[in-house]
Amino acid sequence: MRSNRVLKAVFGLILLWCPLGAAWAQTRGWRAEVPVLRVGVVAGSDVRRARQVIEPFRRRLSLELALPVEIVPMRTFAALIDGQTSGRIDYAIYGATAYAAAEAACDCLVPLVAPKARDGTIGYHSVLVAAVGSGLAGLDDMKGRSVTFSGRASTAGYFVPMLDLARAGLNSRDYFAARHFADGPDAALSGVLAGRSDAAFVWSSLAGDRRKGYSRGTLRRLVDAGAMTMDDIAILWKSRLIPHGAHALRSDLPQGLRQRLVDILTELRNGDAAAYDAVERRFGGGFEAVDPVLYAPLVDAFRTRAHDAGRASTGNAQASGTHGEGPRTETR
């Protein structure tokens, strides 16, 4: 009888430890494939300062992963893109258009999370705004009228509108009577209110109380400043959601690592506020897991640009008898 009880006890322990052992082996498996996680960040010219600032995040990530984590500082987003697409960096922290440029260049990345603003939004919209009483009701009415962009480096105030206009088969140089470029979205909309332009491309969350100019963006800032009320303007057009930047991992790294990173990052703000603030100083709402579909329009735009640049480069090379350099990625 005693031997039977011992056998049952041993058998029970085997049943208990089998799934735990399998889980341990699976976890250990992806760690064996990734002896160190190399995290790329844009540090600018002060690399030492950047390392100090991000250290709480690096330390927390290493602790949670039970894995060495190395910070790889880069001076620019262009260098960061090159580092990850070439495989020298495993994980990178991007703005939305920089991520799109990187993914278009290599088709080798997956976005893990994006930061949320304190209002809970994970992105924003480009909006075309005109003054009430202008007689303009939509983008169709803008043919032959003047428009102001927020600047050539602006995602919502230039890049996304140009992308959507091109998709609609419209050439902005032909469609608008005049194109102006302002020093930022506030200046662009102020020009419309002053009558210097018919409409302007600016940005807004389009979430929250409309009377206050929504929760954040150009409209909210000008309403808060007393420069206008929402009764003074009309929104003629809005883009699809433009997501905030992404924390991205190379897609050839293990799925187990990918899921663990998502779990760590989405709990980071609540579990270690200092580590969260060290890596995300702009948006205070925590990280949210994201789907690649969210960034697909931007990625497609960069792929189209690269394809067109490649065709132009090939044509020039054939005409001159030299070898083309291939497409170049532009980061905004």
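Read-outs: derived from the displayed coordinates by stated rules, not from any lab. This structure is a prediction, so every number in the text was calculated from the model and none was measured. Reconstructed Cβ throughout: ideal geometry from the backbone, glycine too, with neighbour counts over all protein chains shown.
Distance between the 7 Å Cα→Cβ label points at Arg281 and Asp119: 2.4 nm. Taking each residue as 0.36 nm, the span from Arg179 to Leu165 lengthens on full extension beyond its C-alpha to C-alpha distance by 3.7 nm. Assign one of three labels to the stretch 142-300, namely rounded, prolate or oblate, based on the Cα gyration tensor with a ≥ b ≥ c the square roots of its eigenvalues; rounded applies when a/c is under 1.5, prolate when it is not and a/b is larger than b/c, and oblate otherwise. It comes out oblate by the Cα gyration axes. With each label modelled as a point 7 angstrom along the Cα→C-beta vector, the Ser251-Ala187 pair spans 4.0 nm.
Each 5 Å bin, from zero up to the one with the longest distance, holds this percent of the alpha carbon pairs of the stretch 234-298: 3, 13, 22, 20, 18, 12, 5, 4, 2, 0.
Highest mean first, the peptides 193-200, 223-230, 93-100 sorted by other C-beta atoms within 10 Å per residue fall in the order 93-100, 193-200, 223-230. Test of understanding: extend the Cα→C-beta vector of Lys212 to 7 Å, then name every residue of the stretch 275-295 with backbone N under 19 Å from that spot. Once the point is set 7 Å along Cα→Cβ of Lys212, 283-286 turn out to lie under 19 Å by backbone N, inside the stretch 275-295. Cα-based values for the stretch 106-174, radius of gyration first and Dmax second, are 15.8, 49 Å.
Starting from 0.36 nm per residue, how many nanometres of slack lie between Leu63 and Asp107 once their C-alpha separation is accounted for? Could the numbers behind the result be given before it?
Values: separation 44, 0.36 × 44 = 15.84 nm, distance 3.01 nm.
Value of the extension gain: 12.8 nm.
Projecting the Cα atoms of Leu193, Ala156, Val223 onto the charge dipole of the stretch 102-246, computed from C-beta unit charges around the Cα centre, puts Val223 farthest toward the positive end. Using R0 = 41 Å, the C-beta based FRET efficiency linking Glu267 and Lys143 works out to 0.25. Sorting 289-296, 37-44, 137-144 by average packing, meaning the other beta carbons within 10 Å per residue, from highest down gives 37-44, 289-296, 137-144.
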